[in-house]
Structure formats: structure tokens, C-alpha cells
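Please treat every number below as a calculation from the coordinates, not as lab data. The structure displayed is predicted, hence computed values, not measured ones. Cβ: placed from backbone, ideal geometry, glycine included. Neighbour counts: every protein chain shown.
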Amino acid sequence: MFTGIVEEIGTVVSVQSRERSAIIEIEVSKTGQGTDVGDSLAVNGCCLTVVGREEISRDAHVGGVILRFDVVPETMVRTNLGDLRDGDPVNLERPLKADGRFGGHIVQGHVDGVGRIREVKDAENARIMEITFPSALRRYIVEKGSICVDGVSLTVASVAPDSFTVWLIPHTCEATTLGKGQPGHRVNLECDLIGKYVERLLMDVLPDYVKSFEKGC
């Protein structure tokens, strides 16, 4: 489990594309500490398994690590990882330890869909970002609720029929890739897990109500 608090920005060093899948290698620093083959890492909010690890010994990269990931067809379809190219920055987060601080919200690393940045505006001390979302996710996105955008835990400021807005503080802009997000960029979205479980429970006891709500969305 993750919390949507990005630990560092890594750099894609290699993308080996196949017909429907890919092998991605990412250069990391902090998140490489204690991360071994078989461990999980959230890459732009998508939980991936480390399948290879290589220490970097070049003078310019002392202490760096390259982690390798297999990206299966399902992940390529559900996320924006298929958009990655060599040199691209990615948000990284290691799984939360049992005694760790819970800084964001519950994030599984299971992306629900891909949104697209529609508009970016600068405010006095913030960046306002409007993001469109697939219609199937509308019922899970609520004003002042939590949402994970490319691995970043954010609060929904407002919701429109096909989009929502978030306000980014300067630290978020500097510490994550969202600071350089531009209109047209695709972003991974994971909705609040609690809402999805509540809906599933209601389907058993109030199926007609849930179906009528879905039609309203």
C-alpha cells in the first residue's frame, strides 16, 4: 500500500517496447535504498514489481541504481506508462511500512483510468490544474475528497460533469512531475478506495438505488 506522498522523481533510461507490453528501466536514488528484486514500487501511481536491479558506478552517478520493471498488456492499456520515453521523469514512492507515517490517503497503486490535463493556471502561491476523467469514474470523485494523480495524493477542489480541479502548492510542483504538467498530458487516476468498497456493499443491499445512481452519472 502507498499513500501518494512522492519520495523522489526518477528518470526513465530505457523503454523496450513490445507488441503489447514493455520493459522499463528507471534510474533512482532514494527509492533504490532497500528496494530489491521482487519488491514493489509505485511509478506514476502504478504499482510495479522490481524484476532487475543494477548499481551505477559511473562517476557522475555514484550511489545511483537502475531498476527494471515488466509492464504487462493490462497495465499498458490502463495507465499512461505506455507514453513513457527515454529521459522522461516519473514519480516514485516505496510501499508504506507498518510503522510509517500516513501522510496522504490509502493508495493501492491500481490505476482506475487515465485522465488528461485540460487547463493549467497560476494563482498567487499555487497552480490550479483542471483534469478530465473517464465517465465511469465520475461517481467516485467528490469535492474535498482524495484522488491520486500520477501517484500524488491530492484534494479535489471542485468537480464538473467531465473534469475536476486540484490546487498544487509550490512544494508539490517542485517535488513531483505535476509541476511541469501541461494541457494535453495524460495522467494516471486512482479514486478513493473507500468509495468503491461502499458502492460494492450497497450493490448487495440496495441494488436498485445504486443502478439509478449510475444512470444519473
Completion exercise
Of (1) assigned to a loop (DSSP other than H, G, I, E, B); (2) buried (at least 18 other Cβ atoms within 10 Å of the Cβ); (3) out of contact with any Phe, Trp or Tyr (no Cβ under 9 Å at 6 or more places or on another chain), Gly109 fails just (3)
Practice task
Pull up region 1-32, narrow it to residues that are hydrophobic (A, V, I, L, M, F, W, C) and not in a strand (DSSP E or B), then point me to the one that is nearest to Arg101 (Cα to Cα).
Solution key: Ile5
Exercise for the section: Test each condition in (1) without any contact (Cβ under 8 Å) to a residue 40 or more places away in the chain; (2) under 18 Å from the mean Cα position of the chain (by Cα) for Arg18 and report the one that comes out false. Expected result: (2)
Problem - region 137-150, residues that are surrounded by fewer than 24 Cβ atoms within 10 Å (Cβ to Cβ), of a type outside the set (A, V, I, L, M) and part of a loop (DSSP other than H, G, I, E, B) - result: Glu143, Lys144, Gly145
Completion exercise
When every residue in region 151-180 that is in a loop (DSSP other than H, G, I, E, B) and in contact with a Ser or Thr (Cβ under 6 Å, 6 or more places away or on another chain) is compared, the one farthest from Thr11 (Cα to Cα) is Asp162
Handout entry: Selected residue [touching a residue at least 40 places away in the same chain (Cβ under 8 Å), buried (at least 17 other Cβ atoms within 10 Å of the Cβ) and closer than 24 Å to Ala175 by Cα] from Arg85, Arg68
Key = Arg68
Fill in the blank from the handout: Of those in region 121-136 that are surrounded by fewer than 17 Cβ atoms within 10 Å (Cβ to Cβ) and among the acidic types (Asp, Glu), the residue farthest from Val159 (Cα to Cα) is Glu124
Problem - Residue match in region 58-72 (condition: under 21 Å from Gly179 (Cα atoms) and not in a loop (DSSP other than H, G, I, E, B)) - result: no
